[in-house]
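Laboratory data are not the source of any read-out in this text; all were calculated from the coordinates shown. Values in this document were obtained by computation on a predicted structure and should not be read as measured data. Please note: Cβ atoms are built from the backbone with ideal geometry, for glycine as well, and neighbour counts cover all protein chains shown.
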Amino acid sequence: MHIDVTCGPAYAAAVCRLAAGESVFVERSSMAALSGNVSVTATFGGGGLARGLTRKLLTEQTLVVAKYTASRRGGGWVRAVPPFPGDIAVLDVGQTGPLKAQTGSVLAYAPTVDVTTRSSGTTPLLMHEGLTAVGLTGTGQVALATYGGIEHIEVPRGEHLIVDSGHLVAWSAGMKMKSGPLGGPLKAVLTGELWVGEFHGPGHVLIQSRAAATLRGWLFPEGNNAHV
C-alpha cells in the first residue's frame, strides 16, 4: 500500500494505492472516491471493540473505521479527504520510529500501523483539540491531515522547541515533553498563548500553519474564544 497526495497544498487528498488483496484503514466519512474493484467493511481500526471505544471516548478519532480492500484480481485505489482545508503529511512509521499525533489528525493508515490512545506526555498536555494523543507504532504509511500548511522541524539533541498546542500535529514519541502557559499564567493571558508544549530533542515535530480553534472563534465569536 502506498499513499500519494494530490490537490495540495490547500485542499489536499490522500490517494491510497492498493496492490491486489491489500487493504487500508480510512477514518469514517472520509472517502471521496474509489475504484470499482475495491470493497469496504466496517471495523474498529484493527484494535478490536475495546480499543475502538477508548479511541472514541478519549480522542476525536471515530469508533468505526472503514477498511478498504482491493480485489485479488487486481489493484485499486481509495481517495480520502479531511473535513477541513489544508495539507496532508504522509509518514512511514517504520522509518520515522514511533510517533504521537494530535487527536483527529489521522486520516488513513496501513493495517501494519498500530494506532493506540495514550497520554500526550509525562504531564497532561491540555491541547486545544483534546486531552490525549494517538500513538502510532509498527510499520507502513499513515496520512495525517492538517488545517493549513505543514512544516517539519528537526530538533537536535540539546535543543528544544516550543509549539502552541493548536498548531501541533505530530512528534517523535521518544521526545521529552512538558506543557504549560507560555511565560507564566499572566503573560499567557496577555499574549493569548494560553497553552504550549515544549519538546526536547532529538526528534522531529510536525506543525500546522493554522489552528482550528482560532477559526471556530472567528466564525462563532459569541460562543467561542479564539484562543481556547
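For the listed peptides 92-105, 135-148, a ranking on the average number of other beta carbons within 10 Å per residue, highest first, reads 135-148, 92-105. A cut-off of 5 Å between modelled amide H atoms, ignoring neighbours fewer than 5 places along the same chain, links Phe44 with Val65.
Remark on Trp77: its backbone amide H falls under 5 Å from those of Leu18, Ser35, a criterion applied only to residues 5 or more positions apart or on other chains, H modelled at 1.01 Å from N.
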